[in-house]
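Structure first, then comments.
The values are calculated or read from the model by the stated rules, or taken from the named source; none is laboratory data. Quick caveat, the model's predicted, so the values are computed rather than measured. Methodologically, a virtual Cβ is constructed for each residue, glycine included, from the backbone with ideal geometry; neighbour enumeration extends over all protein chains shown. SASA here: full protein model, heavy atoms, side chains in, ligands and nucleic acids out. Shrake-Rupley method; radii C 1.70, N 1.55, O 1.52, S 1.80 Å.
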Amino acid sequence: LSGGDDPEVDVQELDVEPGDRLLLCSDGLSGVVPTDRMASIIGQKAPLEQACQDLIDAANQAGGPDNITVAMLQVDVA
């Protein structure tokens, strides 16, 4: 991660429903693309691979000053 002390892990339970999408990303995305823009892209319900690429494209269009890592999953069964 940063080569420093071990990070403190946050654990949170989420109530999810079929169709919900969960995003895990680096600050290369979250640091440059506003949350409402990310939500808009995710909410378009494009296939996951396309949604991830659209998020990466948005980060690059915003200058892409850092590595951009995006992982997303969609809940199919609650």
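Among residues belonging to the range 12-26 that are touching a residue at least 24 places away in the same chain (Cβ under 8 Å) and not aliphatic (A, V, I, L, M), point out the one that is most open to solvent (accessible area, probe 1.4 Å).
As a first pass, look at the range 12-26 and keep what is touching a residue at least 24 places away in the same chain (Cβ under 8 Å): 16-26.
Pick out the ones that are also not aliphatic (A, V, I, L, M) and you get 17-21, 25-26.
Details: 17: 122, 18: 82, 19: 23, 20: 57, 21: 40, 25: 46, 26: 30 Å².
Only one residue tops the list, namely 17.
So which residues in the range 42-67 are modelled with pLDDT of 95 or more and open to solvent by less than 50 Å² (accessible area, probe 1.4 Å)?
42, 51, 52, 54, 55, 56, 58, 59, listed by residue number.
Considering every residue within the range 59-69, establish whether at least one is part of a helix (DSSP H, G or I) and over 12 Å from the mean Cα position of the chain (by Cα). Walk me through it before giving the result.
Initial filter on the range 59-69 (part of a helix (DSSP H, G or I)): 59-61.
Imposing the further condition that a residue be over 12 Å from the mean Cα position of the chain (by Cα) reduces the set to 60-61.
Checking the range 59-69: at least one residue is part of a helix (DSSP H, G or I) and over 12 Å from the mean Cα position of the chain (by Cα).
What about residue 75, is it open to solvent by less than 80 Å² (accessible area, probe 1.4 Å), touching a residue at least 40 places away in the same chain (Cβ under 8 Å) and out of contact with any Ser or Thr (no Cβ under 8 Å at 6 or more places or on another chain)? Walk me through it before giving the result.
Numbers: open to solvent by less than 80 Å² (accessible area, probe 1.4 Å): yes; touching a residue at least 40 places away in the same chain (Cβ under 8 Å): yes; out of contact with any Ser or Thr (no Cβ under 8 Å at 6 or more places or on another chain): yes.
Criteria met by residue 75.
Looking only at the range 41-68, how many residues end up being farther than 21 Å from residue 15 by Cα and either in contact with a Cys (Cβ under 6 Å, 6 or more places away or on another chain) or among the small types (Gly, Ala, Ser) (or both)?
7
For the range 27-41, name all the residues that are buried (at least 18 other Cβ atoms within 10 Å of the Cβ) and either on the phi > 0 side of the Ramachandran plot or not β-branched (Val, Ile, Thr) (or both). Explain how you work it out, then say what you get.
Taking the range 27-41 as the starting set, the residues that turn out to be buried (at least 18 other Cβ atoms within 10 Å of the Cβ) are 28-29, 32-33, 38, 41.
Hits for the range 27-41 are 28, 29, 38.
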